[in-house]
1. Scattering from the C-alpha atoms of region B:7-272 alone, worked out with Debye: what is log10 I(q)/I(0) at q = 0.12 1/Å?
2. If you take the charge dipole of chain A about its Cα centre, with +1 on Lys and Arg Cβ and -1 on Asp and Glu Cβ, which of A:A123, A:W40, A:P186 is farthest toward its positive end?
3. Would you mind checking region B:194-221 for residues with the amide N under 11 Å from a putative spin-label position 7 Å along Cα→C-beta of A:A255?
4. Report the one residue of A:A99, A:A154, A:L139 whose Cα lies farthest in the direction of the positive end of the charge dipole of chain A (charges on C-beta: Lys and Arg +1, Asp and Glu -1; origin at the Cα centre).
5. Once the convex hull of the C-alpha atoms of the protein assembly as shown is built, how many Å³ does it hold per residue, rounded to a whole number?
6. How big is the antiparallel share of DSSP beta bridges in region A:7-272, given as a percent to the nearest 5?
7. Karplus couplings for region B:188-198 from phi (6.51 cos²θ - 1.76 cosθ + 1.60, θ = phi - 60°), rounded to Hz, Gly and Pro as x?
8. Let's see if you can work this out: charge +1 on each Lys and Arg Cβ, -1 on each Asp and Glu Cβ, no other charges. What is the dipole magnitude of chain B about its Cα centre, in debye to the nearest 20?
There are 2 protein chains.
Amino acid sequence: MSAQATMDRLCIHTATTRPLPLEVAVDEYAAAGVAGITVWRDALAGRDPEAAGRMIRAAGLDVVSLCRGGFFVAGDAAARAAAVDENRQIIREAAAIGAPLIVLVCGADPAVPLPDARDQIRAGIEAVLPLALELGVKLAIEPLHPMYADSRSAINTMASANDLCERIDSPNVGVAVDVYHLWFDPTLEAEIARCADKVFAFHVCDWRTPTRDLLTDRGLMGDGCINIREIRGWVESTGFRGYNEVEIFSTELWALDQRVVIDRVVRAYRQHV
Amino acid sequence: MSAQATMDRLCIHTATTRPLPLEVAVDEYAAAGVAGITVWRDALAGRDPEAAGRMIRAAGLDVVSLCRGGFFVAGDAAARAAAVDENRQIIREAAAIGAPLIVLVCGADPAVPLPDARDQIRAGIEAVLPLALELGVKLAIEPLHPMYADSRSAINTMASANDLCERIDSPNVGVAVDVYHLWFDPTLEAEIARCADKVFAFHVCDWRTPTRDLLTDRGLMGDGCINIREIRGWVESTGFRGYNEVEIFSTELWALDQRVVIDRVVRAYRQHV
């Protein structure tokens, strides 16, 4: 079992404290000793991304990644072309804010068979990859929990994310390992090892029993059954030295004073990550 | 793509029409031209299983399986021993009602790490296997959707169900393939082929978008995005000639006139299975 994670590797996603405006989130994270921030695009609405990046760095925080690109799957070609355009815009935003990485929720559509969806995802990533290379932005394929295979991502296992990475074979395309989506997989340790230096990001939260909502009932680390620290050990065995990113969608936590939430995140991080 | 399924292979689970007492379900299924019934234990409450089996056969229906055994996982040994006793009782009930098969929801516990849970499942099955062999009852390991890995089953992929079968290596232990739990898996076709003559059962329903509840929002076949007929083709390519079992947990359907539900099941079966 790995040792406790260090505070200099703690990153929080703005979606974890969704009610906070970006500026307030940055101040509160910095005050709590958080080292990194992953910015969700809704938190950037109405703001200049370059100025936002400067503001974040001035507060002493690293911009860890921009969430999220992807959603390449659609029944008609025009919608797929629009998704490619949108992802190019996201890559420009990442470069502007100074985010080295974009997390891709790759997309799915209940009307598109999964094998076709997977082809569309590969085609979408390959279409935006030249711009990502040009602007020095990396792309992380995030395999999503199978309960999102209908409408969010047709990439639902670490193995298939690895397969897709190998197929695309670019230094700028890797994988975001999120414990919530993958913890149950008996092949997880082996597939993380196989991913090796393609592990671009590591996300943590917990799986609650019972889980009352498919989208917004994630738990704080320690409030569920995921072997988070063990999985972090597997990730670090690949040589990964990036951030441990806390990404929790929870209507319960969003209803609280967000300073209390940040304190709880820090405590849970120290105890369970 | 396979041809349409035939009515002589249509089985309905009593849980699909949960509000109906067993006797009424049997009459209504038979009247609708349904050929088989899988009996859930709650439908047997207060009834003599031998008499129930005679009643079902007298109505012209096959008893396809008894649902459900399993739940072998627990934090303490006394609870695991109690689960083994309970499963022996279920095997006796299956023999009494004349069910050739018991479906196993293998069990999980958020306080038991998954590797330990998987060991406990194997130990539990091996403990009850001698009685199953003696009474001529088969046991089908049902890999469950990963969203149930915390509290219902630590067996969440077709591959791990196959692995467990191979490890136990008994003619009486096989797999129940349920499209709801497995449809998204890129290895499904290959793993069904690997399962071969160990495919003991085939369950159908559909995945709704959005899915509003983790347990009781399954769809009628055709109301979701699962490639049911294609998966049936994969199953039949193994030589499987058993029933296509309709197992739908749906608060929406349970709220309707159950005769209407049975008619819809038959129509959905003809069109989408």
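Every number in this text was worked out from the coordinates using simple rules, so none of it is lab data. For clarity, every value in this text was computed on a predicted model and none was experimentally measured. So basically every Cβ, Gly included, is an ideal-geometry build from the backbone, and we count neighbours across all protein chains shown.
1. Rounded to two decimals, the profile gives -0.68.
2. The one lying farthest along the dipole's positive direction is A:W40.
3. none
4. Working it through, the farthest residue towards the positive pole turns out to be A:A99.
5. 148 Å³
6. 5 percent
7. Here the 3J(HN,Hα) series is 4, 4, 5, 6, 5, 4, 5, 5, 6, 6, 8 Hz.
8. Once rounded to the nearest 20, the dipole reads 420 debye.
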